[in-house]
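The values are calculated or read from the model by the stated rules, or taken from the named source; none is laboratory data. Here the structure is a predicted model, which is why all the values come from computation and not from measurement. FYI the Cβ positions are ideal-geometry reconstructions off the backbone, even for glycines, and counts take in every protein chain you see. With ligands, DNA and RNA removed, areas are computed over all heavy atoms of the protein, side chains included. Shrake-Rupley method; radii C 1.70, N 1.55, O 1.52, S 1.80 Å.
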Amino acid sequence: MSIMSWLAEQRIHQAMEQGDFKDLAGKGKPLELEDVSHIPEDLRMSYKIMKNAGLIPEEMQLQGELIKLRNLIHLCENAGEKEKLTRTLTEKKLRFQMLMEQRGLSGSTAFLQYEEKLRDRLQDS
């Protein structure tokens, strides 16, 4: 056991003896663990940090918009509206591709796996 582990154990035992862990929020309730199995391991920490901060990366936001636009185009019956939606889809696709290239994610297998899982989840909802 390293000195840091030993010191941490000592502090934990001291806090327990002083009653610092009594009446903690959530006492007696099961932990609410978030399922992050759909996120590649090397992206999990950054995902958690951004999620806890309430931020969504622009490429994820664009992915959601692209899926919604494709669905709208598929369901649209008005030719003028369909053309407008198609133009917007093209613009969003270009922006997404530019972002991917700028961030060096266009060839990242981890991001591609994450993108696929995200696409599946958005299509299910």
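Couple of notes before you dig in:
- On a per residue basis, the range 3-74 carries 82 Å² of accessible surface, using protein heavy atoms and a 1.4 Å probe.
- Angle between the chain longest axis and helix 79-102 axis [Cα atoms, degrees, rounded to 10]: 50
- Positive-end ranking of I12, L69, A25 along the dipole of the range 1-73, with charges on Cβ about the Cα centre, is headed by L69.
- GNM result for the chain, Cα springs below 10 Å: residue of G28, G64, G104 fluctuating most strongly: G28
- Three principal axis lengths of the chain [C-alpha, angstrom, descending]: 73, 32, 20
- Highest mobility in the GNM of the chain, judged by mean-square fluctuation with C-alpha springs under 10 Å and restricted to A53, A110, A15, is found for A15.
- Helix 109-124 and the longest principal axis of the Cα set of the chain meet at an angle near 70°.
- Beyond 31 Å in Cα-Cα separation lie the following of the pairs K27/K117; K22/K117; K48/K84; K51/K93: K27/K117; K22/K117; K48/K84.
- Over the chain, DSSP H runs of length four or greater, each weighted -39,500 (n - 2.57), average out per residue to a 222 nm ellipticity of -23000 deg cm²/dmol.
- Crossing angle, helix 41-52 versus the chain [Cα axis fit, 0-90 degrees, rounded to tens]: 90
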